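Below you'll find the structure, written out as structure tokens, and then a few comments.
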Amino acid sequence: MNTPTAMHPDTDVESAPDAASLPDAASLPDAALLTDAALLGALERGFELRHAADSRLVRLAAEVVQRSRSSLGPDGLASRFGSTSAAVLLADVGRITAAEGQRLCRVAEATADRVTLLGERMPPAFPVVADAVSAAIIPIDSANHIVMALTQASPRAQRDDLDAAELALVTFALESPADMVRALAARWRDALDVDGIEQREGLLVERRSLRRSILANGMKRYRLDLDPVGSAYLDAAIDAQVGQAIRAPHFHESDHGAPDADATDPDPVPDSRTLAQIAADAVVELARHAISCDGASVPLPSATVVVRMTLDSLLSGLGEAQIDGIEQPISARTARHLAADAHLIPAVLNGMGEVLDFGVSRRLFSKAQRLALAERDGGCAVAGCARPPSHTEAHHLRWWSHDGATDLANGILLCIKHHHTVHRDGWGIEVIDNVPWFTPPSSVDVRHRPRRGGRPPVPTVRRE
């Protein structure tokens with residue numbers, strides 16, 4: 001695996017595959033004629049060329065930013081071409097969104113050489129990101145997430161810690177989707193800037209809103225923006241009903257911890273609704289209960305909110321906490337206030353306080369084990385799958401009927417789709433140092449390169 005330590009500061013974007021060498025669309029083979037392996041290989045090469053093209057665009061965007069700087073006034077490049085900023089000029093020239101233009105400018109400024117007021121040249125603000133983008137080995141989206149998070153943390157973070165975080169994030173971005181990089185970058189930001197967690201949390205609370213509009217077809221659209229705590233409660237209620245609906249059809253599972261089909265129901269009727277429709281019905285059901293009940297209780301499927309934090313954060317009230325299914329961390333102080341809620345489970349790391357390994361004497365995983373697996377896997381353990389714990393089942397890595405113990409080392413959380421995919425296609429799964437790794441079959445990757453699953457690694461910052 002390539003690592004950022006192998007990059008060279010003098011690496012020039014032109015050394016990456018030249019974007020000008022992109023093949024003409026007419027010369028490309030018909031994708032429908034490719035085998036699965038050839039199609040995946042063509043996709044890999046296509047994304048390599050795309051990253052190379054983006055690398056060159058970043059270099060060009062940096063020059064646009066330099067020539068459009070505010071000190072030039074009306075003589076700046078963007079102003080002379082009628083654009084209000086460098087990002088707008090990029091959007092106009094490339095026919096891209098304004099947001100994409102801003103991302104290009106942000107990464108360009110962070111990875112370009114800097115010039116002092118005296119004309120002296122300085123290295124980029126983010127040299128490791130700069131090397132990775134120049135070598136075209138991480139996508140622009142990942143670079144943008146890293147730059148944004150570390151820029152927010154930089155006013156109060158130590159320089160050595162920022163350098164360590166940058167290297168760790170770029171290394172992670174080499175083999176991880178941009179969405180996972182975004183989540184880990186937020187964790188690093190809060191680990192580096194503990195004092196800023198509550199301020200950022202407060203800003204999100206202030207931005208909560210609900211907007212309603214009537215669509216032309218008669219439907220009514222609700223746009224709801226919630227802070228992490230508010231979204232955690234709503235997600236728990238919705239996911240509980242969605243999870244119940246998912247498990248309602250009597251899927252026949254002879255092993256792996258799932259129950260067999262109900263023999264008393266010879267002709268079960270599967271739920272034909274989509275997940276989006278089930279979630280919408282769950283919100284309506286919440287409203288119906290709220291209107292019809294006396295307020296003493298709401299008869300819903302069992303729903304809990306799991307908040308994870310370290311013992312030090314629990315005792316001191318400093319630092320961050322994580323809510324299952326919510327990417328944005330919350331402050332430890334807020335987590336301590338939530339602990340009084342009867343529907344919330346505080347999971348203090350390194351101290352669950354329950355017997356979690358039951359050996360082969362028990363076939364089904366217990367609730368305590370499922371909570372511990374959710375702590376490790378974060379939901380469906382397959383990388384990139386956003387299914388929360390309530391949408392998954394605990395499955396045995398080694399079949400229970402083949403002496404597979406019902407304990408944490410032999411368990412994993414998988415959604416129904418990925419459970420069937422793993423067993424149908426012959427994926428290998430192994431848990432190493434509490435991290436699940438998935439080894440694809442030859443039909444997916446002839447090199448059998450393991451893919452990391454579960455949660456992203458936890459940032460570690462040394463405190464004096």
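The values are calculated or read from the model by the stated rules, or taken from the named source; none is laboratory data. Since the structure is predicted, the reported quantities are computational estimates derived from the model, not experimental observations. Cβ atoms come from the backbone with ideal geometry, glycine included; neighbour counts cover every protein chain shown. Quick note on the areas: whole protein, heavy atoms, side chains included, nothing else; ligands and nucleic acids left out. Shrake-Rupley method; radii C 1.70, N 1.55, O 1.52, S 1.80 Å.
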- Note on the structure: Among residues of the stretch 186-204 being at pLDDT 90 or above and open to solvent by 50 Å² or more (accessible area, probe 1.4 Å), the residue farthest from the chain's Cα centre (by Cα) is Leu203
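From Ala135, Ala178, Ala143, Ala164, which residue is of a type outside the set (D, E, K, R) and within 22 Å of Gly319 (Cα to Cα)?
Numbers: Ala135 fails: within 22 Å of Gly319 (Cα to Cα); Ala178 fails: within 22 Å of Gly319 (Cα to Cα); Ala143 fails: within 22 Å of Gly319 (Cα to Cα).
Answer to the check: Ala164.
Looking only at the stretch 392-408, count how many residues are at pLDDT 80 or above and open to solvent by 20 Å² or more (accessible area, probe 1.4 Å). Before the answer, list the steps.
Looking only at the stretch 392-408, we keep the residues that are at pLDDT 80 or above, and these are 392-397.
Subset that is open to solvent by 20 Å² or more (accessible area, probe 1.4 Å): 393, 397.
Count: 2.
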- Query: Looking at Ala153, Ala130, Ala135, Ala168, which is the one that is of a type in the set (A, V, I, L, M, F, W, C), over 17 Å from the mean Cα position of the chain (by Cα) and open to solvent by 20 Å² or more (accessible area, probe 1.4 Å)?
  - Reply: Ala135
- Task: Just name the residue that is modelled with the lowest pLDDT out of those in the stretch 93-124 that are over 19 Å from Ser55 (Cβ atoms) and hydroxyl-bearing (Ser, Thr, Tyr).
- Result: Thr116
- Message: The conditions are (1) in a loop (DSSP other than H, G, I, E, B); (2) over 16 Å from Ala178 (Cβ atoms); (3) modelled with pLDDT of 95 or more, and Ala136 fails exactly one of them. Which is it?
- Response: (2)
- Among the residues of the stretch 67-93, write down those that are under 33 Å from the mean Cα position of the chain (by Cα) and crowded, with 17+ Cβ neighbours inside 10 Å. Ser85, Ala86, Ala87, Val88, Leu89, Leu90, Ala91
- Query: Does the stretch 117-133 hold any residues that are within 19 Å of Leu57 (Cα to Cα), of a type in the set (A, V, I, L, M) and not in a loop (DSSP other than H, G, I, E, B), and which are they?
  - Reply: Val128, Val129, Ala130, Ala132, Val133
- Note on the structure: When the stretch 424-447 is checked residue by residue, the ones that are open to solvent by 80 Å² or more (accessible area, probe 1.4 Å) and more than 23 Å from the chain's Cα centre (by Cα) are Arg424, Val446, Arg447
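Checking the structure you have, find out if any residue of the stretch 239-256 is at pLDDT 90 or above, of a type outside the set (A, V, I, L, M, F, W, C) and more than 30 Å from the chain's Cα centre (by Cα). It would help to see each step written out before you state the result.
Restricting attention to the stretch 239-256, the residues satisfying the condition of being at pLDDT 90 or above are none.
No, the conditions are met nowhere in the stretch 239-256.
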- Mind checking which pairs have a first residue in the stretch 151-175 that is assigned to a helix (DSSP H, G or I) and a second that is open to solvent by 60 Å² or more (accessible area, probe 1.4 Å), Cβ under 8 Å, 6 or more apart or different chains? Asp161/Arg462; Leu167/Thr5
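This table checks each residue for (1) open to solvent by 90 Å² or more (accessible area, probe 1.4 Å); (2) farther than 29 Å from Phe365 by Cβ; (3) modelled with pLDDT of 65 or more.
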{"position": "Leu210", "(1), (2), (3)": "yes, yes, yes"}
{"position": "Asp235", "(1), (2), (3)": "no, no, yes"}
{"position": "Asp262", "(1), (2), (3)": "no, no, no"}
{"position": "Asp267", "(1), (2), (3)": "yes, yes, no"}
{"position": "Asp312", "(1), (2), (3)": "yes, yes, yes"}
- Of the conditions (1) at pLDDT below 75; (2) surrounded by 15 or more Cβ atoms within 10 Å (Cβ to Cβ), the single one that Arg333 does not satisfy is (1)
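Residues checked against (1) charged (D, E, K, R); (2) at positive phi; (3) modelled with pLDDT of 95 or more:
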{"site": "Asp24", "(1), (2), (3)": "yes, no, no"}
{"site": "Glu44", "(1), (2), (3)": "yes, no, no"}
{"site": "Asp54", "(1), (2), (3)": "yes, no, yes"}
{"site": "Val58", "(1), (2), (3)": "no, no, yes"}
